[in-house]
Amino acid sequence: MTARTQASSYNFAYLDEQTKRMIRRAILKAIAIPGYQVPFASREMPMPYGWGTGGVQVTAAILGPDDVLKVIDQGADDTTNAVSIRKFFERVADVETTTRTVDATIIQTRHRIPETPLREGQVLVYQVPIPEPLRFLEPRETETRKMHALEEYGLMHVKLYEDIARNGHIATTYAYPVKVEGRYVMDPSPTPKFDNPKMHMSEALQLFGAGREKRIYALPPHTEVVSLDFEDHPFEVQRFDKPCALCGGGQVYLDEVVLDDRGGRMFVCSDTDHCESRRAEGLRGELLGEVAQ
Amino acid sequence: MYVSVKGGEAAIDNAHRLLADRRRGDRSVPALTLDQIAEQLVLGVDRVMSEGSLYDRRLAALAIKQARGDLIEAIFLVRAYRTTLPRFGFAEPVDTGAMLVERRISACYKDLPGGQLLGPTFDYTHRLLDEALDGDPEVEPGETREGATEPVSRIADILGGEGLIEEEISGNDEPDDINQTPLEFPLSRAMRLQSLARGDEGFLLALGYSTQRGYARSHPFAGEIRIGEVEVEVFMPELGFAVPVGRVQLTECQMVNQFKGSAKVPPQFTRGYGLVFGQSERKAMAMALCDRALRAGELGEDIVAPAQDQEFVISHCDNVQATGFVEHLKLPHHVDFQAELGLVRTMRTQFEQAESAMENKEAAE
Amino acid sequence: MIAAAAKIENLDRSSEALPLLSVRSLTRTYGTRIGCADVSFDIWPGEVLAIVGESGSGKTTLLNCISTRLEPTSGTISYRMRDGEMRDLYQLGEAERRHLLRTDWGFVHQNPADGLRMTVSAGANVGERLMAVGQRHYGRLRATATDWLGRVEIDAGRIDDQPRAFSGGMRQRLQIARNLVTAPRLVFMDEPTGGLDVSVQARLLDLLRGLVNDLGLAVIIVTHDLAVARLLSHRMLVMKDGRVVEHGLTDRLLDDPQAPYTQLLVSSILQV
């Protein structure tokens with residue numbers, strides 16, 4: 001209650017209504033043209049640029065008093081930046097927050113997509129540092145916008161070609177470019193390519209906000225999202241040798257945890273909610289199994 | 001045993017408590033008051049107002065105090081506050097010609113109507129540390145001109161009378177507003193000037209300097225620099241006329257630059273323009289140099305230097321954006337790093353396999 | 001002149017009702033200065049046209065206007081698209097124009113660094129246009145690149161090297177391969193042998209002549225070197241001070257120049 005009082009001089013969800021309308025217009029346009037980067041007049045937010053201002057603006061613009069918000073960073077609810085953003089919305093919007101993927105109506109994320117498949121009615125809001133997938137091939141915005149307009153994506157494949165020529169396989173592991181509905185090439189934000197298939201035909205609405213670069217883009221539910229590749233070098237996701245040491249889960253993205261300075265390592269779920277839910281169901285991984293004995 | 005490496009709420013709260021403690025410093029030293037900052041660190045306050053894009057001395061002083069003297073952090077605080085304010089309307093364009101000048105100099109003329117007025121300037125001081133300021137020595141009140149002053153016409157108007165300087169076309173269209181309109185290149189001059197006005201002083205200074213050193217040389221003369229207060233008026237539809245709502249202190253710089261002329265335009269001087277809140281000559285001059293350099297395309301000059309490249313200059317001049325993105329590297333990136341770790345390991349394995357295959361082959365031979 | 005006879009044979013103008021490219025009253029000024037003025041000519045499929053003149057004569061301005069890299073002040077340039085329709089190039093949309101540039105046309109720059117991606121491999125340089133038009137099979141792209149490197153006499157073992165590591169002559173040959181891989185109908189060349197050693201020039205010219213003949217390319221080549229024009233072109237435009245002073249079949253023009261300026265050019269070469 002004190003937090004709410006403290007923030008009472010601010011509008012609900014921080015931004016004034018005029019700004020929210022401006023952002024919502026950009027979001028609607030983005031949904032109408034999947035994968036297209038809509039410029040918007042991004043505002044300053046009380047967290048630094050590069051720390052999620054785009055995602056926060058999108059969340060602030062779509063958040064209603066009845067929403068249940070989940071915030072993750074690196075897949076986890078308890079990483080510092082996730083905690084900070086969750087606290088921000090608790091303070092300026094007084095909304096209910098959760099760490100459970102299934103309970104959330106809006107999930108703001110940095111670098112991961114939850115392991116639990118999203119369902120209809122949920123919105124996943126990505127924080128995006130560099131929205132332009134062509135940026136590191138062509139630094140000029142005027143040029144890259146033209147390339148998108150004319151579907152000039154040859155250069156993107158030049159990069160993938162170079163990867164294969166040099167390494168024998170495509171060496172892009174995260175922020176792996178995708179093509180949306182056969183039209184726009186899009187940056188999925190720096191999620192590991194492991195998560196790319198989850199974007200395809202997702203039941204949830206996916207919104208991408210880049211604050212510093214002033215762009216919003218979107219994937220409406222049931223949108224075709226294809227990772228770029230070659231016919232004879234198809235797209236592949238990372239695979240881990242072992243399941244999660246805590247919950248025993250496989251087919252999930254794992255964090256490597258350094259146990260000591262003698263090379264001791266363990267691998268645990270990057271998605272903390274997924275891991276905890278499994279353990280709540282009594283599932284145990286190698287490490288906890290040993291402890292129980 | 002596995003210990004969570006992920007920070008939590010408690011860690012953040014504790015860090016912020018420690019920050020508050022360090023900000024206050026030694027409790028036996030009296031706390032700074034906002035008046036002290038606003039009165040005695042006024043140029044810092046001016047910079048925060050200018051790059052924070054909000055004219056409020058008290059809030060700027062508060063931000064400086066809260067930011068422990070880190071001006072970029074203070075600018076950030078002011079911007080984050082400013083962004084939440086609803087817009088009631090637009091002021092009428094201020095008339096810098098009617099400014100109550102406190103300082104006004106021109107490098108183009110020895111004397112000119114209204115005179116050269118030095119005002120409170122560091123110019124011509126010897127930069128010797130004044131140990132007396134360790135205490136609170138008596139300071140004599142300043143000498144100022146008495147009585148009503150004659151209007152101080154702007155140098156651009158003097159040159160313009162002879163047609164020697166380009167005319168600024170003041171369209172009736174409402175200028176774009178960088179707070180409302182997405183930044184899309186190429187930008188109008190209005191958008192560029194707004195971005196430069198809140199751009200980082202150090203960045204613009206370095207770019208302006210680079211034009212003087214030959215990276216897009218523009219042969220500038222400091223046509224005029226003036227500092228003083230102007231009235232801000234807002235048009236009231238109910239009344240049918242504009243009413244003053246207050247005064248702001250501004251620094252304006254009109255840079256006069258050579259121009260050879262083109263097929264359509266006779267040779268004449270062109271302008272670079274700088275306008276900032278408060279007293280900040282360095283920023284206003286740097287802004288004017290950058291503005292002129294950024295007009296290269298419009299004036300048919302070759303774009304060869306960084307200061308002429310609007311995507312480069314405008315995309316990188318905002319220190320709140322720049323500091324945020326540079327500092328975001330502190331955030332965890334372990335998910336992506338994990339992906340790269342896996343890749344490097346795979347590639348090393350392939351490398352070793354290739355090497356040992358080579359060795360075996362050699363051994364077999 | 002055996003070469004000249006072979007060149008004429010290759011021209012099959014009768015079967016083509018319309019020229020490939022048609023330039024009418026083209027003028028480009030820079031302020032009050034003239035870049036090129038009132039230039040008109042046609043070029044037919046498979047024909048090589050040389051634009052010659054000394055530096056400052058307007059030949060590069062003309063080339064840039066025709067290749068849509070520089071908007072003319074007045075005049076028209078029309079091009080017969082693959083569907084047979086003549087289109088004014090400056091009425092094309094940006095998308096059509098760019099598509100033309102990367103499929104139906106080629107542009108060989110004097111400085112290979114302007115036409116190559118210096119930091120990607122030779123293979124990718126050759127493959128880029130194919131990828132741009134949708135080829136998505138790595139193995140086939142590589143096979144095509146290898147084939148083209150062979151055709152421009154670059155060792156297939158260099159396929160993964162960047163052009164930075166290539167000699168000037170190799171870079172130029174790579175640039176040619178990169179342009180020809182999509183089987184263009186019209187190639188612009190701006191002093192393609194400029195800046196190369198004489199022996200390297202000779203080899204490149206020989207290669208170019210072979211490729212142009214084999215592929216039936218139409219070429220507009222800008223050069224100050226009459227020897228290059230003689231070796232490659234069917235027809236020549238001689239330019240001076242932005243205007244065409246003489247226009248005709250290369251062999252006729254070199255053997256029997258009419259305009260005083262052409263006579264001067266030809267005699268100065270023969271004296272050397």
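Filter region A:231-244 down to the residues that are free of Cβ contacts under 8 Å to residues at least 60 places away in the same chain and more than 20 Å from B:ASP336 (Cα to Cα) and list them by number.
The answer is A:GLU231, A:ASP232, A:PRO234.
Which condition from (1) touching a residue at least 60 places away in the same chain (Cβ under 8 Å); (2) touching a Gly at 6+ places or on another chain (Cβ under 9 Å) is the one that B:ALA284 breaks?
Going through (1) touching a residue at least 60 places away in the same chain (Cβ under 8 Å); (2) touching a Gly at 6+ places or on another chain (Cβ under 9 Å) one by one, B:ALA284 breaks only (1).
Hey, could you check region A:117-129 for residues that are surrounded by fewer than 17 Cβ atoms within 10 Å (Cβ to Cβ) and within 23 Å of A:VAL237 (Cα to Cα) and say which is nearest to the other protein chains (Cβ to nearest Cβ)?
So the residue we want is A:PRO117.
Do any residues in region A:32-56 that are without any contact (Cβ under 8 Å) to a residue 60 or more places away in the chain and of a type outside the set (Lys, Arg) have Cβ atoms under 6 Å from those of residues that are open to solvent by less than 20 Å² (accessible area, probe 1.4 Å) and part of a loop (DSSP other than H, G, I, E, B), where the two are at least six apart or on different chains, and which pairs are they?
A:GLU44/B:THR83
Name the single residue, out of those in region B:304-346 being facing chain A (nearest Cβ under 7 Å), in contact with a helix residue (DSSP H, G or I) (Cβ under 7 Å, 6 or more places away or on another chain) and surrounded by fewer than 21 Cβ atoms within 10 Å (Cβ to Cβ), that is farthest from B:VAL78 (Cα to Cα).
Across region B:304-346, the extreme among qualifying residues is B:GLU311.
Taking B:PRO86 as meeting all but one of (1) within 21 Å of the chain's Cα centre (by Cα); (2) under 21 Å from A:ILE23 (Cβ atoms), write down the number of the exception.
(1)
Could you please tell me which pairs satisfy a Cβ distance under 8 Å, a separation of 6+ or placement on different chains, a first residue in region C:77-102 that is within 14 Å of chain A (Cβ to nearest Cβ) and in a helix (DSSP H, G or I), and a second residue that is of a type in the set (Gly, Ala, Ser) and open to solvent by 30 Å² or more (accessible area, probe 1.4 Å)?
C:GLU94/A:ALA149; C:ALA95/A:ALA149
Can you name the residue in region B:98-140 that is closer than 30 Å to B:PRO244 by Cβ and touching a helix residue (DSSP H, G or I) at 6+ places or on another chain (Cβ under 7 Å) and is also nearest to the other protein chains (Cβ to nearest Cβ) among such residues?
B:SER106
Hey, among A:PHE12, A:PHE40, which residue is open to solvent by 10 Å² or more (accessible area, probe 1.4 Å) and hydrophobic (A, V, I, L, M, F, W, C)?
Going through A:PHE12, A:PHE40 in turn, just one is open to solvent by 10 Å² or more (accessible area, probe 1.4 Å) and hydrophobic (A, V, I, L, M, F, W, C): A:PHE12.
Does any residue of region A:94-104 turn out to be in the same structural domain as A:PRO34 (by TED's automatic domain parsing), closer than 22 Å to A:PRO48 by Cα, open to solvent by less than 10 Å² (accessible area, probe 1.4 Å) and not polar (S, T, N, Q)?
Checked against the condition, which is being in the same structural domain as A:PRO34 (by TED's automatic domain parsing), closer than 22 Å to A:PRO48 by Cα, open to solvent by less than 10 Å² (accessible area, probe 1.4 Å) and not polar (S, T, N, Q), region A:94-104 yields no hits at all.
Could you say whether any residue in region C:156-179 is under 14 Å from the mean Cα position of the chain (by Cα) and closer than 30 Å to A:PRO234 by Cβ?
Yes: one or more hits.
Going through region A:136-179 one residue at a time, which ones are in contact with a Ser or Thr (Cβ under 6 Å, 6 or more places away or on another chain), within 12 Å of chain C (Cβ to nearest Cβ) and among the aliphatic types (A, V, I, L, M)?
Of everything in region A:136-179, just one residue is in contact with a Ser or Thr (Cβ under 6 Å, 6 or more places away or on another chain), within 12 Å of chain C (Cβ to nearest Cβ) and among the aliphatic types (A, V, I, L, M), namely A:ALA165.
Being more than 19 Å from B:LEU250 (Cβ to Cβ) and open to solvent by less than 50 Å² (accessible area, probe 1.4 Å) narrows it down to one of B:THR96, B:THR33, B:THR84, so name that one.
So the residue among B:THR96, B:THR33, B:THR84 that is more than 19 Å from B:LEU250 (Cβ to Cβ) and open to solvent by less than 50 Å² (accessible area, probe 1.4 Å) is B:THR84.
Residues in region C:197-207: is at least one touching a Pro at 6+ places or on another chain (Cβ under 9 Å), within 14 Å of chain A (Cβ to nearest Cβ) and assigned to a helix (DSSP H, G or I)?
Checking region C:197-207: not a single residue is touching a Pro at 6+ places or on another chain (Cβ under 9 Å), within 14 Å of chain A (Cβ to nearest Cβ) and assigned to a helix (DSSP H, G or I).
Name the one entry in B:GLU311, B:GLU298, B:GLU327, B:GLU340 that is more than 30 Å from A:CYS269 (Cβ to Cβ) and either free of Cβ contacts under 8 Å to residues at least 12 places away in the same chain or not in a helix (DSSP H, G or I) (or both).
B:GLU298
With respect to A:TYR217, is the statement that it is touching a residue at least 60 places away in the same chain (Cβ under 8 Å) and either closer than 18 Å to A:LEU118 by Cβ or acidic (Asp, Glu) (or both) true?
Criteria met by A:TYR217.
Please note which strands (runs of 3 or more DSSP E) are completely contained in region A:191-293 and include at least 2 residues that are out of contact with any His (no Cβ under 6 Å at 6 or more places or on another chain) and within 14 Å of chain C (Cβ to nearest Cβ).
Filter on region A:191-293 gives A:225-227.
The values are calculated or read from the model by the stated rules, or taken from the named source; none is laboratory data. Computed from a predicted structure; not experimentally measured. Here the Cβ is made from the backbone with ideal geometry for all residues, glycine too, and neighbour counts use every protein chain on show. Just so you know, the surface numbers come from the protein's heavy atoms only, side chains and all, with ligands and any DNA or RNA stripped out. Shrake-Rupley method; radii C 1.70, N 1.55, O 1.52, S 1.80 Å.
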